Structures are given as structure tokens and as C-alpha cells.
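Below: the structure, in C-alpha cells.
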Amino acid sequence: MNPNSKIKTLFIDDDRATNFLHKHIARNSDGVDSIRLVHSGIEALNFLEKCLEDSVEKPNLIFLDINMPAMNGWEFLEQFYMLNEDLVKEINVVILSSSDDPGDIERFKQNNKLLDFIRKPLNKEALNSVLAKVG
């Protein structure tokens, strides 16, 4: 990715207050160009499928919560990796979760496609660290 390019982010989290906080932090970052908030893995998959038709909105960075109803973060990832390969390969995924479950940490370590695992809430330093990895 070009270091001068801005990052398009997608936050996937069922907690509206958390999404509000994360949007505020991302909005105040020089490296973030656009921010999309969705409240479920299903909503995120629907949005990403639309990005196949209109790549203008396509994120290049996803912050994903693990513990969500209906479809948790791990289930989202299974479906995400089955989407169009050209879409998926250009999107970095960061787990952004409050989970202390050792099983979640181990699953993250086993998945070499994930960029990072960050504990909620996101802060400016953690965001800048992720942006440096993407850029």
C-alpha cells in the first residue's frame, strides 16, 4: 500500500457505544480516510458483497469483535474468507475484542491471515500501530 494513501476502515461490533468511541478515535487519525460501522457479522458480509460491485467503499482494514450474537467474529471470518479472493486479499483484519479467553488468543495465533489482536477499547496508540503495519 502506498504510504500516502489513506485507510478505509470497517468496524464490526454489536456494541453501539463501543462503535461510537472507535469512530471518534479513527476520525481523529491522520491515516484514516473513511469509517464504516456495522453491528453484526451478517451486516458486514452484506456490505462487503456490495463492495464487489462498487469498490469505492471497499475497506482495506477491518476491526472485528469476537463476541457478537447470531454470528461471532470467528464465524464471520469463515464466511469472509469464502468471498471473492481479490476482495479478501486486499483487506487486513484486526481482532478488536475484550475477550480474555486463551482459546481466542490461540485461534488468533494459528491464523496467519490476521494482522493483530488488540484489546478493547481501541486507543490512538494502538490505532497508529495498526496503521503503520498496513501502510
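Quick note: the coordinates plus some simple rules give every number you see, no bench work behind them. Remember, predicted model here, so these are calculated numbers, not experimental data. For neighbour counting, all protein chains shown are included, and Cβ atoms are generated from backbone atoms with ideal geometry for every residue, glycine included.
Using +1 on the beta carbon of Lys and Arg, -1 on that of Asp and Glu, and nothing else charged, what's the dipole of segment 7-134 about the Cα centre, debye to 20?
On the way: 15 positive and 22 negative charges, 85 e Å.
About 400 debye.
List the equivalent ellipsoid semi-axes of segment 7-134 in whole Å, largest first, each obtained as the square root of 5λ for an eigenvalue λ of the Cα gyration tensor. Could the numbers behind the result be given before it?
Values: eigenvalues 71, 66, 42 Å².
After scaling each eigenvalue by five and taking roots: 19, 18, 14 Å.
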Discussion item. Going through the cross-link list Lys6/Lys58; Lys23/Lys109; Lys8/Lys124; Lys6/Lys133, which pairs have a Cα-Cα distance over 18 Å in this structure?
Written reply: Lys23/Lys109
Practice prompt. Report, in debye and to the nearest 20, how large the dipole of segment 52-97 comes out about its Cα centre when Lys and Arg carry +1 and Asp and Glu carry -1 on their Cβ.
Written response: 180 debye
Worksheet item: Setting aside same-chain residues fewer than 8 positions from Lys113, which aspartates and glutamates have a Cα under 17 Å from its Cα?
Response: Asp65, Glu75, Glu78, Glu85, Asp86, Glu90, Asp104
Item to complete: Show me 9-21, 48-60, 116-128 ranked by packing, highest mean number of other Cβ atoms within 10 Å first.
Response: 9-21, 116-128, 48-60
